[in-house]
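Below is one structure; the comments refer to it alone.
The values are calculated or read from the model by the stated rules, or taken from the named source; none is laboratory data. Just so we're clear, the structure is a prediction, and the values are computed from it rather than from any experiment. In this analysis, Cβ positions are derived from the backbone assuming ideal geometry, glycine residues included, and neighbour counts consider all displayed protein chains.
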Amino acid sequence: MKMLPVISSDRAYAFVRTKDFAERIFRDLTDLIYPRRCPLCDRVLDMEEHKKLICRECENKPVYIHSPYCFKCGKQLNDSNEEYCSDCRRRSHSFVRGVALYDYSSIRVSMYRFKYSGRAEYAEFYGREIALVFGELFEKWGIEAIVPVPMYSGKERMRGYNQAEKLAESVGAESGLPVIHGLVKRVRNTKPMKLLGVGERAANLKNAFIIASNDVKFSKVLLVDDIFTTGATIDAVAEALKEAGVSYVYFVALSIGAG
Ligand SMILES: [Zn+2]
Ligand SMILES: [Zn+2]
């Protein structure tokens, strides 16, 4: 079920800000030169599909995480009597709680292009979906600022962008929440997480993140990442933020694997 985000009057100014005339003209011109593509199948969108940012064949392909889901990490649950997934029953986390939009397997190919094939533009569709589905929840949580999970600078230079940052910017533009860039830095290029087990992942990330400001004035922060697997990355960033004085760290992930 999709819910429209409720926008309080003090946040409404941010909506007005982004959609000014010059920006729209620039975007139309960019669309002419680089035609917009469907984030799922990568086909160029026609005029009608353009507004939805997804082609009509793919509209129903992404599988949304729906109730019941884990009250801690947002992973899909099959049993509505359960409150937490088996992972969260076993281990504690440094974040308060988080949610994820899609089942990873339903957007796997798209995620690959989003991360490795220069399709940063997919962030626009994905960020809008996140804001539509979870905007109201972010309000309820009292989120003050959005922080993208950082990428190691050398890696970002090679790839051209950090997909979590692109996603965060899009969620920020759609929800009216400010996005804080450069607050957390990834100071070590860690080993690819998919090659490591749960314990190794945490060790791999130890001291990988530092806070670049000694004046962190937020109490409730929303971390944004493209995928949630064991939560080791989100936990490591949350720990760094908490050490810097943030009281409550929440997260939203674009996708999440099965439990
Ligand atoms: Zn498509
Ligand atoms: Zn969980």
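Residue count for region 226-259 satisfying the condition of being under 23 Å from ILE65 (Cβ atoms) and either β-branched (Val, Ile, Thr) or within 16 Å of ligand 1 (Cβ to nearest atom) (or both): 9. It is to be established whether one or more residues within region 117-138 are within 28 Å of ASN207 (Cβ to Cβ) and among the hydroxyl-bearing types (Ser, Thr, Tyr). No, region 117-138 contains no residue that is within 28 Å of ASN207 (Cβ to Cβ) and among the hydroxyl-bearing types (Ser, Thr, Tyr).
If the condition is being within 16 Å of ligand 2 (Cβ to nearest atom), in a loop (DSSP other than H, G, I, E, B) and either over 23 Å from ASP226 (Cα atoms) or aromatic (Phe, Trp, Tyr) (or both), then region 31-77 contributes only PHE71.
Looking across LEU223, LEU241, one residue alone is under 22 Å from LYS72 (Cα atoms) and within 16 Å of ligand 2 (Cβ to nearest atom). It is LEU223. All of (1) more than 16 Å from SER170 (Cβ to Cβ); (2) outside any loop (DSSP other than H, G, I, E, B) hold for PHE134 with one exception: (1). For ASP79, the test of being within 15 Å of ligand 1 (Cβ to nearest atom), modelled with pLDDT under 95 and over 28 Å from ASN207 (Cα atoms) is failed.
Within region 78-92, if we keep just the residues that are in a loop (DSSP other than H, G, I, E, B) and near ligand 2 (Cβ under 8 Å from one of its atoms), the residue that is farthest from VAL63 (Cα to Cα) turns out to be TYR84. Consider region 36-51 and keep the residues that are of a type in the set (Lys, Arg) and without any contact (Cβ under 8 Å) to a residue 40 or more places away in the chain. The one that is nearest to ligand 1 (Cβ to nearest atom) is ARG43. Scanning region 182-222 for residues being surrounded by 15 or more Cβ atoms within 10 Å (Cβ to Cβ) and either assigned to a loop (DSSP other than H, G, I, E, B) or of a type in the set (Phe, Trp, Tyr) (or both) gives a total of 7. Quick check: is even one residue across region 218-229 within 26 Å of GLY118 (Cβ to Cβ) and modelled with pLDDT under 95? Checked region 218-229: at least one residue is within 26 Å of GLY118 (Cβ to Cβ) and modelled with pLDDT under 95. From the list ARG108, ARG97, the one residue that fits, being more than 26 Å from ILE211 (Cβ to Cβ), surrounded by fewer than 19 Cβ atoms within 10 Å (Cβ to Cβ) and modelled with pLDDT of 95 or more, is ARG108.
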